[in-house]
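Working notes, beginning with the structure itself.
Please treat every number below as a calculation from the coordinates, not as lab data. Remember, predicted model here, so these are calculated numbers, not experimental data. Every residue, glycine as well, gets a Cβ built from its backbone with ideal geometry; the counts of neighbours run over all protein chains shown.
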Amino acid sequence: MSEYQVNEKGYYGHFGGAYIPEMLYPNVEELRQQYLAIIHSDDFRQEFDKLLRDYVGRPSPLYPAQRLSERYGTNIFLKREDLNHTGAHKINNTIGQILLAERLGKKRIIAETGAGQHGVATATVCALKGLKCVVYMGAIDIERQAPNVARMKMMGAEVIAAESGSKTLKDATNEALRDWINNPVDTHYIIGSVVGPHPYPDMVARFQSVISAETRKQLLEKTGRETPDHVIACVGGGSNAAGMFYHFLDDHDVKLVAVEAAGKGVDSGESAATTVLGREGVLHGSRSLLMQTDDGQVIEPYSISAGLDYPGVGPQHAWLYEKGRATYVNITDDEAMQAGLLLTRLEGIIPAIESAHALAQLEKMTFKGDENVVVCLSGRGDKDLDNYMKYFGF
Amino acid sequence: MNRINRLFADKGSKRILSIYYTAGYPTLESTVDIAETLENAGVDFLEIGFPYSDPVADGPVIQHSSEAALRNGMSLGVLFEQLKDLRRRVNIPVLLMGYVNPVLQYGVESFCKSCKAVGVDGVIVPDLPMYEYEERYRSVFEENGLSNIFLVTPQTSEERIRKIDDLSTGFIYLLSSSATTGKNLSVSENTEAYFSRIRAMQLKNPVAIGFGISGHHAFTRATDHADGAIVGSAFVKLLGETDYSRKIPQFIRQLKG
Ligand SMILES: Cc1ncc(COP(=O)(O)O)c(C=O)c1O
């Protein structure tokens with residue numbers, strides 16, 4: 001077992017665990033006892049692989065971005081999660097979890113969402129399977145992300161506004177957990193990132209690990225080597241990065257770079273750079289790094305990208321950070337927006353603003369010429385057009 | 001034996017009533033005044049909540065009181081300052097209840113020592129895992145004479161209830177249903193069967209039923225089956241009213257009937 005993976009008690013070093021009230025224990029424990037057996041079963045694997053291929057459109061291409069490579073003087077590959085059905089990596093996880101929920105006999109699905117990407121990916125798989133779907137979304141985000149709200153509703157999901165606290169992603173997550181407490185028998189909670197109580201961080205990372213499994217094969221075909229020199233991914237809760245890193249964790253010659261959102265700058269008071277600004281703490285059922293006051297109250301983060309606007313990171317990231325296995329860096333709103341425009345102009349690909357944070361990191365690195373660099377393009381920018389238009393005044 | 005153990009040991013045929021309220025609500029300084037008023041009104045023990053920004057087990061009423069308390073400036077540091085006075089004014093058992101993160105930031109050991117120093121008898125931290133309590137924190141709780149209270153729901157397995165019974169040193173907090181705080185208890189055949197099932201287990205620890213107990217009827221039903229019952233949201237709602245202090249004795253009288 002890799003030292004970077006969860007141990008049998010549900011911890012990554014001293015991070016992780018299941019800090020949940022007793023009301024959630026039976027559901028989380030049921031999941032803990034069954035998730036590995038289910039996801040390793042032939043029946044599950046076959047259906048999962050088939051849906052990823054025929055419905056999501058996997059494998060997603062590993063695109064050698066030629067003009068971007070010329071600009072940075074090295075070989076840059078984009079892992080095209082933006083080409084997945086619904087436009088981001090999020091659907092890899094929701095397909096996995098809906099199949100799991102079916103096998104656990106659950107009849108009702110709940111989820112939280114920030115920008116709406118995970119909500120849409122959840123509503124999509126619920127429509128696919130004919131399961132009832134309730135999505136919690138911060139009241140402020142509902143206003144900011146109207147097209148995604150419309151998508152969820154069109155798929156038949158009920159979207160409930162989280163009116164508590166700061167009315168954004170962390171409060172939507174609180175509301176989803178409250179719903180689960182009040183519906184202890186027939187409901188499965190599809191968490192959207194590698195956060196939450198054990199086994200969620202491990203389970204979601206496994207579903208997302210298809211990203212790095214494919215990347216290894218594609219690199220072998222394209223470069224003759226399964227491993228690259230650098231892997232770069234953005235981190236909100238950390239699921240696309242966890243999936244992008246997964247099969248490279250034990251290859252110590254592969255440099256892993258995780259990009260957090262600096263917002264208006266790490267010292268501006270408006271930031272989401274958790275590894276810089278956070279301390280060890282507990283939120284949403286796991287012990288990890290957390291932006292909080294001295295008194296242990298959670299601080300509301302800020303980023304121009306709603307998907308990176310979370311006050312914590314998954315426990316595996318806290319552990320990779322502490323062990324030094326991955327390097328955690330941060331990118332401001334402005335740097336990300338410029339990188340988003342640059343990719344659009346050089347390659348004809350409009351990235352999600354989240355993914356643009358990973359791209360912006362290229363500006364800050366120096367490469368030795370013929371190094372191979374993989375950037376996880378976690379999502380497409382359709383949902384962000386308004387933001388881009390406003391920012392650049394198009 | 002701390003005050004909690006004595007209360008349950010000496011209860012006789014009494015129906016024990018506990019009240020939950022949030023420290024620092026409705027005003028920062030109201031915490032100990034409310035405790036004193038409740039004792040004078042005939043309440044048997046108290047659960048004082050320390051607020052957290054993300055109270056996932058709570059419904060709207062306690063969420064609101066927690067947000068207000070934080071805005072008022074409440075924190076564990078401030079609370080322990082206020083409670084320095086506690087044992088000069090209040091004799092009944094007092095527990096602190098809240099979420100684990102503020103306790104971790106204060107430091108678990110410092111927290112337990114501060115509890116002991118001000119005369120707190122027990123702690124309810126619903127999101128502190130049993131495993132962590134056993135492995136890391138049990139000894140420091142015990143050294144400071146603190147009862148750690150565990151929750152049980154209708155979905156908790158018998159095996160787990162036995163384990164909780166072994167680890168508990170005060171009472172077992174039986175949730176009337178799996179729910180967030182503030183939902184009214186509707187006693188159905190299922191709840192009656194659940195309460196009877198727990199009673200038939202003949203646990204070593206006394207049992208108090210909480211969540212959704214808002215009036216005399218629910219209080220009586222709960223204490224028909226258990227040693228005591230706990231009222232939270234219904235009381236916190238009262239604290240939101242003007243002149244709440246004068247209304248407390250009547251509220252308690254009506255609860256007890
Ligand atoms: C395109 C995209 N990338 C990244 C993220 C961040 O999530 P995570 O860190 O879990 O990958 C989101 C979240 O909504 C997203 O939509």
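Quick look at the numbers
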read-out: Ranked packing of A:92-103, B:26-37, most packed first, by mean Cβ within 10 Å; value: A:92-103, B:26-37
read-out: Cβ-isolated cysteines (cut-off 4.7 Å), chain A; value: A:234, A:376
read-out: Gyration tensor (alpha-carbon) shape descriptor, the range A:183-342, a/c threshold 1.5; value: oblate
read-out: Surface/4 of the Cα convex hull for the range A:1-69, nm²; value: 8.6 nm²
read-out: Radius of gyration, Dmax [chain A; alpha carbons; angstrom]; value: 19.3, 57
read-out: Kirkwood hydrodynamic radius (C-alpha pairs) into Stokes-Einstein, the range B:174-251, 25 °C and 0.890 mPa s, D in µm²/s; value: 184 µm²/s
read-out: Extension gain from residue A:85 to residue A:253, taking 0.36 nm per residue of separation minus the Cα-Cα distance; value: 57.2 nm
read-out: Neighbour-count ranking [beta-carbon atoms within 10 angstrom, fewest first] of A:298, A:204, A:235; value: A:298, A:204, A:235
read-out: Chain lengthening between residue B:199 and residue B:184 when straightened (0.36 nm per residue, less Cα-Cα); value: 3.2 nm
read-out: Cα-based reach from residue A:368 at 29 Å (exclusive), listing lysines while leaving out same-chain residues under 8 positions away; value: A:79, A:217, A:222, A:255, A:323
read-out: Nearby lysines by direct alpha-carbon distance to residue B:163 (threshold 27 angstrom, same-chain neighbours under 8 apart not counted); value: A:9, B:11, B:113, B:116, B:204
read-out: Helix-only mean residue ellipticity at 222 nm for chain B, each DSSP H run of n ≥ 4 adding -39500 (n - 2.57), per residue, nearest 500; value: -13000 deg cm²/dmol
read-out: Whole-Å distance, taken between Cα centres, linking the range B:1-50 and the range B:122-199; value: 19 Å
read-out: DSSP beta bridges in the protein assembly as shown [antiparallel fraction, %, rounded to 5]; value: 20 percent
read-out: Under-5 Å amide H pairs with residue A:112, H placed in peptide plane, nonlocal only; value: A:136, A:192
read-out: Sorted by Cβ neighbour density within 10 Å, fewest at the top, the residues A:370, A:42; value: A:42, A:370
read-out: Contact order normalised by residue count of chain A, Cα under 8 Å, 6+ apart, percent; value: 20 percent
read-out: Chain B, Cα convex hull volume normalised per residue, Å³; value: 114 Å³
read-out: MRE, 222 nm, helices only [DSSP H, n ≥ 4, -39500 (n - 2.57), over chain A, to nearest 500]; value: -12000 deg cm²/dmol
read-out: Translational D in µm²/s for the range A:256-338 (Stokes-Einstein at 4 °C, 1.567 mPa s, Kirkwood Rh from C-alpha pairs); value: 102 µm²/s
read-out: Low-density loop cleavage sites - GluC sites (Glu not before Pro) in the range A:1-97, where at most 13 other Cβ are within 10 Å (DSSP); value: A:3, A:8
read-out: Under the Debye formula (equal points on every Cα, no solvent term), log10 I(q)/I(0) of the range A:50-112 at q = 0.21, 0.25 Å⁻¹; value: -0.86, -1.01
read-out: Residue mean of other protein chain beta carbons inside 10 Å, A:292-302; value: 5
